[in-house]
Each structure stands twice: as C-alpha cells, then as structure tokens.
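Structure record follows, encoded as structure tokens.
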Amino acid sequence: MITMGDDEFILHIRKNGFGQGAENPVLGRRIWEWIKRADRNAKKIQKDQACRWGDTGSFIGATELPKTATQFQFDEKCLPDLYRFLSTL
C-alpha cells in the first residue's frame, strides 16, 4: 500500500498541461473514483491536509494548485495506470 494525496496528482496534471479549465475538486473526485475502481481496498485516510507548497501564492487557485489535499491509501501497483489516466484529463 502507498499513501499519496490528490495534490500530488493535480500537480502532475497542471505541470504537464492536462486538465485545462478543470477545477481541483472535480479532478480530485475523478482521481478518487479511478483509484477506487482500480483498487477496491483503497481508502481515503485524511481530508483537508495542508499542501507542502502552502496556501498562498499566485499558483494557488481553483484551476491551478490546491491549498489542501485528500490523502488516499491504495495498492502502488495502480500507479502506472493511474498516471496514464491523469494524462487523459
């Protein structure tokens, strides 16, 4: 099992030019839905955790980087397919 937050996935999406115009809550929900389908034992373990990059700055916003994240625990074997999914958003 691995623990990762939707902030890490949203950073990957934004950094690579995916998810244009999609708001963070929508991306977070789609990420969670994908993880839950890929690993039926996945769980959310913490909501509203502060992101390491802080909660202020010109890079924080609904369609940029989030202020907080939800942490997921899931099978790390899902990661390659999850990153392929992220590139479709």
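Data table
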| read-out | value |
| --- | --- |
| Scope segment 28-44; condition in contact (Cβ under 8 Å) with a residue 12 or more places away in the chain and surrounded by fewer than 17 Cβ atoms within 10 Å (Cβ to Cβ); matching residues | Ala38, Asn41, Lys43, Lys44 |
| Candidates Gly5, Gly19 - the one that is of a type outside the set (A, V, I, L, M), on the phi > 0 side of the Ramachandran plot and in contact (Cβ under 8 Å) with a residue 24 or more places away in the chain | Gly19 |
| Residue list for segment 17-27, restricted to those being of a type outside the set (A, V, I, L, M), at pLDDT 95 or above and exposed (fewer than 15 other Cβ atoms within 10 Å of the Cβ) | Glu23, Pro25 |
| Those residues of segment 39-74 which are over 15 Å from the mean Cα position of the chain (by Cα) and more than 21 Å from Lys15 (Cα to Cα), in sequence order | Asp39, Arg40, Asn41 |
| Counted residues, segment 45-61 - those being surrounded by 13 or more Cβ atoms within 10 Å (Cβ to Cβ) and touching an Asp or Glu at 6+ places or on another chain (Cβ under 9 Å) | 3 |
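The values are calculated or read from the model by the stated rules, or taken from the named source; none is laboratory data. Remember, it's a predicted structure, so these values are computed and weren't measured experimentally. So basically every Cβ, Gly included, is an ideal-geometry build from the backbone, and we count neighbours across all protein chains shown.
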